[in-house]
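Heads up, the thing below is written out as structure tokens.
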Amino acid sequence: MKNFYSQYIDDDLWLIQELEWAKPLQNIRESQFALGNGYFGTRASLEEIPYDAIPGTYIAGVYDKMLSQVAELVNLPNAFNFRFTVKGEKLDIIAMDVLEHKRILNLKKGLLVRHTLYQNSRKARFNYSSLRFVSMDNKNIGAMQISITPLDGPCEIDINTGIDTSVSNTGVLTEGRKRHFRVKELGQAQNTGYLAVETLEKKHAIIYWAGFYYEINGKKAFARNNILSLKLKKNQTITLTKIFYIKRFPCDNNSSRHKQETFKAFSGVFHAKFEDLVKDHIRAWKRLWKKADILIEGTANLQQNLRFNIYHMLICANADNGFSSIGARTLTGEGYRGHIFWDTEIYLMPFYLFNFPEVARNILLYRSKRLPMARQAARKEGFKGAKFPWESAGSGEEETPEWAKDIDGSIIKILTHKFEQHITSDISYALYKYYAATQDEKFMRDFGYEVMFETARFWASRSVLNKKTKKYEINGVIGPDEFHLNVNNNAYTNIMAKWNLITAYRLFRKIKKDAPSFSSTLQRKLGLKDREARDWKKIAPRLSENINRGRIVEQFDGYFRLKKVSITETDENGIPIISPKLKTQQLDKTQVVKQADTLMLMYLLSDVYSLKTKLANYNFYIERTLHKSSLSPSIHSIVACACSDLQRAYSLFNVSLRMDISNLYGNTKEGIHGASLGGTWQAVIFGFAGVSIDKERLCVNPGMPHSWKKMVFSLLWKGDMLELELTNNTIEVKLLAHKKKRLQLGIFDKVTSIKAGKKYTFKRIGPVLAKEYHY
């Protein structure tokens, strides 16, 4: 039986495959096999839109609040939509018998290929193949080609396509399903269909163009409208090709002009050869993978799963001058309503920083352009500076809903937007890391210094002097561990605030010395006096931090006095199982931790804490952590690497690696977990490859699992590409730079200088011994 798209599925280590139809997995596969290019993303719903499908088309940054508690990423009309019927029976994975079914996502080429063999009630079989992609070459284009062959006799096939406007956002709690757009205009012109919609709040207008043509026996014909009927002979194949164009505009009075310019852009693509569109798309993917791929000589399954994670970070990467950022479930679903959390800066951004710094810059630009809203939020609570929202969408206002489901399924009131304030220093931390890795002084002058100073102002005003202890305290917060609400002096919050204050003061002094004119202008703009900046330096070292004699950092005031709970049972992935006797509402009375909190601090500020302190805290907190967040396993894996607990590091890395490919947390249908994607990459690069930034110098000291024979990857550092090939005992490195230059690197335990254009090989003195252990 002919497979029409076999040339696109010959990359074995790049293929994610669905080998049979399983209805319970339908919505999970829609997330896993999603396509995108950063500008827009689409869930991989089958094109016949079977019962219970959740089709999704999302443009980055397009939110709407009408009809819902808070703004939501808008589910827009679906263009991957084809309905075929023969004698009243729909070719549908649920409506007809399915004799064979396979779908393959080619990660290397960004292509989704399908083959299904249908049989109707009359025992007539139909061979069905399709290929679809969202163009990485032209960010406004999506394309699909379908081939159908009747195998047992002639037939008349009815075809119905177009752009499906019946889609809606999924219902959340008591809100029900809702449609966040209205149709403004639709019609047909020059063998193409036109659709214009606008969001209900009238902030965004979206224009679609779509058209399709079909070929039988080598003869090509353009369809005049979206509905037609064609006769086929036995074993005669019809191939249908659909191209669509999608673009967002602000709602304005220029709709006629937008319509004309989009038609012109679409028309050129629509009349191009489909094969050329595919080739251009594949070439664009090749350029991405040249930078982003990580080759691990170990198990093939691990290689595929790692590429699956990287693929999903590539399809949500965008650089649109700060209009959008990346939500917690990327552009693959509506989990968390498409909102942006600290996940973006702390978990996802490092991947972009070292591979696509323009995307990292865009993530930070998104925040800096919403600085006025952050200032307003701080003022509203009586503080100075800027306080960023816990959940953000389009405007930069706080978008956390009042109610949500807890881990046990119960409905609870949400307090994170009131107390989980560490996101403000998380953003500053990410901004400074960007500066260290890129030396982008222009960005800092245009946006960065202002954000650093305004966040420092917030923490200085948020800190209260305890006259009795002579310490500054930050009371009434939630740390990353969301089991414990409204606590005082959470260590993560306090020490990250301390870091924010110290770093802002250092930068303040730097620009006063290096750029006095710029510094004076910025100080006048912000109303920032020298005395206020000196206060940051005074407050920072006096921020409260409790450390016991065993070097354990107390997670928050009173944590050590909480009930100790022994975790004795784990699942097959090593994730702790809560005793049924321990109710969710009782967790705040115990030392049980939801996710990395104090250990998160020791990871982000690794150079601040000694190995002895890390070991003590790792051994203490790892036994108390339930990993009830997708943000947890990857960070614990990295800290386990630093503490030489390779067995647990590998086990937790595998949980993060397989989070969505195996639906480990049971909610992949709501979209791919962005934090887990980025955390997995960090576990590989910062954990096993041993890459770190120490005193603003890049260092490499690998400690890989012994089944990994070699790791090959590249990183961008201060504008130049570094090619690395690692084993546990050797490092090969080459600096690719346009100019003749030298670079200082930390290699194993020594600082080494290398020249551009020359390949260096370094060997560890005293090799890492391969101990016997089991994963």
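Here are some notes:
- LEU46 long-range amide H proximity, modeled H, under 5 Å: none
- Each part reduced to its alpha carbon centroid, the stretch 277-335 and the stretch 638-678 end up 17 Å apart.
- Legend: P(r) of the stretch 198-307 from all alpha carbon pair distances, 10 Å bins from 0, whole percents, reading 10, 25, 24, 24, 15, 2.
- For LYS184, the lysines whose Cα falls under 16 Å of its own Cα, not counting residues fewer than eight places away in the same chain, are LYS202, LYS203, LYS247, LYS259.
- Against the chain, whose longest principal axis is taken from its Cα atoms, helix 449-462 shows a tilt of about 60°.
- With the alpha-carbon atoms of the stretch 625-724 aligned to their principal axes, the span from lowest to highest coordinate is 40, 30, 27 Å, starting with the largest.
- Shape category assigned to the stretch 7-72 from the gyration tensor of Cα positions, a/c cut at 1.5: oblate
- Peptides 341-352, 26-37 ranked from most to least packed, by the mean per-residue count of other Cβ atoms within 10 Å: 341-352, 26-37.
- The mean accessible area for residues of the stretch 627-719, using a 1.4 Å probe and ignoring ligands and nucleic acids, is 27 Å² per residue.
- Once all protein chains are placed together, TRP21 keeps about 60 Å² accessible to a 1.4 angstrom probe.
- The stretch 672-729: C-alpha gyration tensor shape, a/c 1.5 cut-off, then a/b vs b/c: oblate
- By accessible area, using a 1.4 Å probe on protein heavy atoms only, the stretch 678-775 has 52% of its surface on carbon and sulfur.
- With Cα atoms, 0 to 90° folded angle of helix 255-270 axis to the chain main axis: 70
- Percent of alpha-carbon pairs separated by more than 18 Å within the stretch 266-320: 50
- Alpha-carbon Debye profile of the stretch 488-531, log10 I(q)/I(0) at 0.14, 0.23, 0.25 Å⁻¹: -0.43, -0.77, -0.84
- Surface share of carbon and sulfur [accessible, 1.4 angstrom probe, percent] for the stretch 240-368: 51
- Local electrostatic count, GLY338, Cβ distance below 14 Å [Lys/Arg +1, Asp/Glu -1]: -2
- Against the chain, whose longest principal axis is taken from its Cα atoms, helix 611-621 shows a tilt of about 60°.
- Using only Cα coordinates, the Kirkwood hydrodynamic radius of the stretch 14-146 works out to 15.9 Å.
- Per-peptide average of other Cβ atoms within 10 Å, ordering 72-80, 210-218 highest first: 72-80, 210-218
- Sequence-ordered 3J(HN,Hα) estimates for the stretch 626-642 from the Karplus curve with 6.51, -1.76 and 1.60 and θ = phi - 60° stand at 8, 6, 8, 8, 5, 7, 8, x, 5, 5, 5, 4, 5, 5, 4, 4, 4 Hz, glycine and proline given as x.
- Per residue accessible area in Å² of the stretch 176-252, where ligands, DNA and RNA are left out and the probe is 1.4 Å: 49
- Stokes-Einstein translational diffusion, the chain - Kirkwood Rh over all Cα pairs, 0.890 mPa s, 25 °C, in µm²/s: 88
- Lysines with Cα under 18 Å of LYS513, excluding same-chain neighbours fewer than 8 positions away: LYS442, LYS529, LYS537
- Antiparallel %, DSSP beta bridges [both residues in the chain], to 5: 95
- Around ASN548: net Lys/Arg minus Asp/Glu count, Cβ-Cβ under 14 Å: +1
- For the stretch 283-367: accessible area per residue (Å², 1.4 Å): 26
- Coupling constants for the stretch 344-352 follow from the phi torsions by the Karplus curve (6.51 cos²θ - 1.76 cosθ + 1.60, θ = phi - 60°), and in residue order they are 5, 6, 8, 9, 7, 4, x, 4, 5 Hz; glycine and proline get x.
- Percent breakdown of C-alpha pair distances by 5 Å bin, ordered from the shortest bin, for the stretch 528-635: 2, 10, 18, 20, 17, 13, 8, 5, 4, 2, 1, 0
- Shape call, the stretch 89-163: gyration tensor on alpha carbons, a/c limit 1.5: prolate
- Helices in the chain, meaning DSSP H runs of at least 4 residues, each add -39500 (n - 2.57). Divided by all residues, the mean residue ellipticity at 222 nm is -8500 deg cm²/dmol.
- Comparing Cα centroids, the stretch 455-469 and the stretch 721-767 end up 44 angstrom apart.
- Averaged over residues, the count of other Cβ atoms within 10 Å places the peptides 627-634, 44-51 in the sequence 627-634, 44-51, highest first.
- Candidate lysines - alpha carbon under 30 Å from LYS23, same-chain residues fewer than 8 apart omitted: LYS2, LYS87, LYS90, LYS102, LYS108, LYS109, LYS123, LYS178, LYS242, LYS405, LYS628, LYS669
- Residues with amide H under 5 Å from that of GLY703, placed H, sequence gap 5 or more: ALA689, GLY690
The values are calculated or read from the model by the stated rules, or taken from the named source; none is laboratory data. No experiment lies behind these values; they were computed from the predicted model shown. When we count neighbours, we look across all protein chains shown, and the Cβ atoms used for this are built from the backbone with ideal geometry, even at glycine. In case anyone asks, the SASA skips ligands and DNA or RNA and just uses the protein heavy atoms, side chains included. Shrake-Rupley method; radii C 1.70, N 1.55, O 1.52, S 1.80 Å.
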